[in-house]
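The values are calculated or read from the model by the stated rules, or taken from the named source; none is laboratory data. Here the structure is a predicted model, which means the values were calculated and not measured. Because the Cβ atoms are built from the backbone with ideal geometry, glycine has one as well, and the counts that use them run over all protein chains shown. Accessible surface areas use protein heavy atoms only, side chains included; no ligands, DNA or RNA. Shrake-Rupley method; radii C 1.70, N 1.55, O 1.52, S 1.80 Å.
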Amino acid sequence: MEEDLFQLRQLPVVKFRRTGESSRSEEDGISGEHEVQIEGVRPELEPVELGDGAAVPKEFANPTDDTFMVEDAVEAIGFGKFQWKLSVITGLAWANAMEMMILSILAPQLHCEWRLPSWQVALLTSVVFVGMMSSSTLWGNISDQYGRKTGLKISVLWTLYYGILSGFAPIYSWILVLRGLVGFGIGGVPQSVTLYAEFLPMKARAKCILLIEVFWALGTVFEVLLAVVVMPTLGWRWLLILSALPLLLFAGLCFWLPESARYDVLSGNQEKALATLKRIATENGAPMPLGKLVVSRQEDRGKMRDLFTPHFRWTTLLLWFIWFSNAFSYYGLVLLTTELFQAGDVCSISSRRQEVKAKCSLTCEYLTEEDYTDLLWTTLSEFPGVLVTLWIIDRIGRKKTMALSFLVFSFCSLLLFVCVGRNVLTVLLFIARAFISGGFQAAYVYTPEVYPTATRALGLGTCSGMARVGALITPFIAQVMLESSVYLTLLVYSGCCLLAALASCFLPIETKGRGLQESSHKEWGQEMVGRGSHSPG
């Protein structure tokens, strides 16, 4: 008997595993371990299928694989409590829209208080975008090299510090420098979308990224309401200080944020990535995939040349123009809204400008209560813009959504050529802003999806930088060119958006229904297509 047992111990043992769909019903927990372990078997052996058709235990999210990727884990864990928390915290970073919306309120105020000529008023707006343009690529490179969380925390703390400090600026040159430094910090805030997108399952990604854009809309609305209360009593300095409150709240909560598991895998930190995924699974109450996490280490991350490989060259160039047009038109409309409301209607703005110029180049008008009310109405258009984009983006795709948004904005701009009253003017500006903000949001969905993890932050950063070039130029169109011809100004914005609509249609990749690519050394979408294209055994 002992001799038989000794012989049994020397035998190699084959490990059996049932394959097929994993049933997530209550009955799954009844099934036990169906394996006989015998040492000495090579790991290359294929698993042997059991033919009785019994369900695989619930703990095994990928019963047919011995390994899994971050994409598999994110899809298996799904959307839950962790993503809800992440949405709120990421949204607070996006409330930096207050720092942008304040430009249209601060400019006329300082124009009157400090007697600034129109070019200095335009420069005050442009210097913020100079800071954003010069830093966007840098923040993207930092996020690809040192982590999304690191880049995001530094940029938010930077923006918070100089945002508060700019409220104490004694003269024009000081506020010019400080607002430029604020813009330098804001250039890194879009990296919150990179971090956020990398934790989202495929089906929820577009909707969730669009929904955090609600925080941008909330920030703009809150800024107008804050200005109504603060400007008549405390003045613009307190408005600048109080506008930094959302970033202060984010700075306190951002230490809860984990680093992206996709970034950790690409940088070779397998244990850290696995710990992050287990944390998400625990918070969501979902099972972790069975097997070993695949690590595809890539040292040359965040390289500009990767944006111009044959797979991404045209995508990068077209996206740069699309982002340029988005910011050029969006911020142009924000600034035009103030100018048009002060004039009363489109047809009288040119004659009004000539009268003002004849009187004095420094003549100014403070924003009235009616101006703030109309500004609030056009700002509220961001919400229907989110809803429309949310409804169509998974139906017609990312490319067509961007193209449609540009076309509607262009059409509304052309309608402003007609002499319309203040009410019709408000409606047209409302529709135009709703769709151009929707196009901006669609670009924020598309861009992180189209680039691989190794260059995702850099790709988003360079696109954001090109957007700031558009935002840098737009004050000289919406404020300076407007003095010469309102029609030429509207024609510039309309024509730019028509070209952007064409660029959206010519994008070579549609990311709807696709997974996120991990390594830039692989074909686009290889992870999702490759893992689903072959049958086990």
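Before moving on, here are some points about what is shown:
- When every residue of segment 418-428 is checked against the conditions, none turns out to be surrounded by 24 or more Cβ atoms within 10 Å (Cβ to Cβ) and among the small types (G, A, S).
- Applying the set (1) at pLDDT below 85; (2) surrounded by fewer than 19 Cβ atoms within 10 Å (Cβ to Cβ); (3) of a type outside the set (G, A, S); (4) in the same structural domain as L376 (by the TED database) to D306 leaves exactly one unmet item: (2).
- V88 vs. criteria under 20 Å from the mean Cα position of the chain (by Cα), surrounded by fewer than 19 Cβ atoms within 10 Å (Cβ to Cβ) and either in the same structural domain as P170 (by the TED database) or modelled with pLDDT of 75 or more (or both): yes
- Test: A281 is over 23 Å from the mean Cα position of the chain (by Cα), over 29 Å from E382 (Cα atoms), of a type outside the set (S, T, N, Q) and surrounded by 15 or more Cβ atoms within 10 Å (Cβ to Cβ): yes
- Segment 151-176, residues that are part of a helix (DSSP H, G or I), without any contact (Cβ under 8 Å) to a residue 60 or more places away in the chain and not β-branched (V, I, T): S155, W158, Y161, Y162, L165, S173, W174, L176
- Options E382, E365, E369: the member that is open to solvent by less than 10 Å² (accessible area, probe 1.4 Å), of a type in the set (D, E, K, R) and modelled with pLDDT under 85: E382
- Segment 243-283: number of residues that are of a type in the set (S, T, Y) and part of a loop (DSSP other than H, G, I, E, B): 3
- Just one of (1) in contact with a Lys or Arg (Cβ under 6 Å, 6 or more places away or on another chain); (2) open to solvent by less than 40 Å² (accessible area, probe 1.4 Å); (3) closer than 20 Å to W314 by Cβ; (4) not in a helix (DSSP H, G or I) fails for I509. It is (1).
- Residues in segment 92-107 that are outside any helix (DSSP H, G or I) and of a type in the set (V, I, T): none.
- Hey, S118 open to solvent by 10 Å² or more (accessible area, probe 1.4 Å), modelled with pLDDT under 75 and either under 21 Å from the mean Cα position of the chain (by Cα) or within 23 Å of M231 (Cα to Cα) (or both) or not: yes
- Test result for T338, assigned by the TED database to the domain that holds T426, modelled with pLDDT under 75, under 30 Å from V128 (Cα atoms) and among the hydroxyl-bearing types (S, T, Y): yes
- Being assigned by the TED database to the domain that holds G187, part of a helix (DSSP H, G or I), open to solvent by 20 Å² or more (accessible area, probe 1.4 Å) and without any contact (Cβ under 8 Å) to a residue 24 or more places away in the chain is a condition met by at least one residue of segment 218-236.
- Qualifying residue in segment 70-90 (condition: assigned to a helix (DSSP H, G or I) and more than 28 Å from A457 (Cα to Cα)): no
- Those residues of segment 472-492 which are in contact (Cβ under 8 Å) with a residue 12 or more places away in the chain, of a type in the set (S, T, N, Q) and surrounded by fewer than 21 Cβ atoms within 10 Å (Cβ to Cβ), in sequence order: S485
- Boolean, L239 is crowded, with 19+ Cβ neighbours inside 10 Å and outside the structural domain of R456 (by the TED database): yes
- Pick from segment 173-203, criterion open to solvent by 20 Å² or more (accessible area, probe 1.4 Å) and among the hydrophobic types (A, V, I, L, M, F, W, C), ranking: farthest from I102 (Cα to Cα): M202
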